[in-house]
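What follows is a single structure, written as structure tokens, with notes after it.
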Amino acid sequence: MSKQSGRGRVDGLPEWDRCAVMGVVNVTPDSFSDGGRWFDTTAAVKHGLHLVAEGADLVDVGGESTRPGATRVDEAEELRRVVPVVRGLASEGVVVSVDTMRASVAAQALAAGAALVNDVSGGLADPAMISAVADAGAPFVVMHWRGFLDGGNVKGVYADVVADVMDELHARVDAVLAGGVSPDRIVVDPGLGFSKEADHDLSLLAHLDRLHALGHPVLVAASRKRFLGHVLAGPGGPPPPARERDAATAAVSALAAQAGAWAVRVHEVRATADAVRVARAVEEAREAGNAPDTRLDTPDTRPGAPGPHSAPLTHPARAPHAPHGAEGAR
């Protein structure tokens, strides 16, 4: 089985023939990369439709920033921000994901037409979340999370970041399953940037294939994150602003697609949509190259071509040297 064909299907969502592209619509004034740009409902819906036109397969709508140190909005404000945008996009036929840690927001977004709940806390922030998702029969993204990032990148200590993240995700998946969510509706996310330093994020990306051992499709959300700024800055250099990390994001998207990710979550869609399609084309070429090559068994019928029992031709560069004194010697 190829890595691409092993990325998994999520029951209740369309089945794409490659790594899917999830576009981001932040209906917030304070998100780390585009806060305030789509805060108005009309602007947010328009932006979501633009992302689809650029190649997004689904759109993730969130009304609360999860950047380190961000102040949580109250429930009423999050509902005010999110639900009208979800309804507007769903009415246009867009596959919508709701990015929330609140069960009430998830439930109302699903009622407004959302198809997927993307909870960065994996159900830890709100004890009612798992039952709300289970009752709705919705797909659920379970992200690796160690708590709110108040005051910085907390609890980012690991003995082996890949093994530790897998163990902790496995425990969350078990809790989600125990809460009644169907196993074929669970997606896992390694939580890049959440309680992780740059080297942790890079290690997780280098070993995405190991996450498939959890038995669920994998979402990779690397877009514009701090570790990319760290890579691009080089030794001692200042990291580029978040909005100047889209080319690096597309590179991660191609690598994630090649590693069998189910989807990648990005702010700028066009480059990533191209990247995952190229990754799929390369995988198809690799699969075709694994087919038996029967051309060696087919006789060459061109005029003057050697028959099956002809003596092999000697390449001029490999002809034996003439002895000294023979004709043509120097």
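The values are calculated or read from the model by the stated rules, or taken from the named source; none is laboratory data. Since we're looking at a predicted model, the values are computed, not measured. FYI the Cβ positions are ideal-geometry reconstructions off the backbone, even for glycines, and counts take in every protein chain you see. Surface areas here come from the heavy atoms of the whole protein model, side chains and all, with no ligands, DNA or RNA. Shrake-Rupley method; radii C 1.70, N 1.55, O 1.52, S 1.80 Å.
If we count every other residue with Cβ under 12 angstrom of Arg172's Cβ, Lys/Arg +1 and Asp/Glu -1, where does the sum land? Provide the component values of the computation, followed by the final result.
Numbers: positive: Arg146; negative: Asp119, Asp167, Glu168, Asp174, Asp189.
Residues close to Arg172 contribute a combined charge of -4.
Across the accessible surface of the range 43-119, with the other protein chains kept in place and a 1.4 Å probe, carbon and sulfur atoms take up 51 percent.
Summing charges over neighbours of Asp74, with a neighbour being any other residue whose Cβ is under 14 Å away from its Cβ, gives -1 when K and R count +1 and D and E count -1. Sorting the segments 158-166, 199-207 by their mean number of nearby beta carbons within 10 angstrom, highest to lowest, gives 199-207, 158-166. Other residues with beta-carbon under 13 Å from the beta-carbon of Asp274 carry, at +1 per Lys or Arg and -1 per Asp or Glu, a net charge of +1.
Relative protection proxy for 257-267, 106-116, from highest mean packing down: 257-267, 106-116 (other beta-carbon atoms within 10 angstrom). Think of the range 70-216 as having a plus end and a minus end, set by charges on the Cβ of Lys, Arg, Asp and Glu; of Ser104, Val187, Ala90, Ala90 sits farthest toward the positive end of this dipole. Rolling a 1.4 Å probe across all protein chains gives Thr41 an accessible area of roughly 50 Å².
So, R0 is 35 Å and r is the distance between the beta-carbons of Asp174 and Ala43; what FRET efficiency does that work out to, to 0.05? Intermediate values should be presented prior to the final figure.
Numbers: r = 41 Å, r/R0 = 1.16.
The pair Asp174/Ala43 has a calculated efficiency of 0.30.
Taking every protein chain into account, the accessible area of the range 158-228 amounts to 36 square angstrom per residue (probe 1.4 Å). For the peptides 216-229, 79-92, residues were scored by their other Cβ atoms within 10 Å and the scores averaged per peptide; the highest-first order is 216-229, 79-92.
Stokes-Einstein diffusion for the range 209-270, with the hydrodynamic radius set to the Kirkwood value over Cα pairs and evaluated at 20 °C in a medium of 1.002 mPa s, equals 173 µm²/s.
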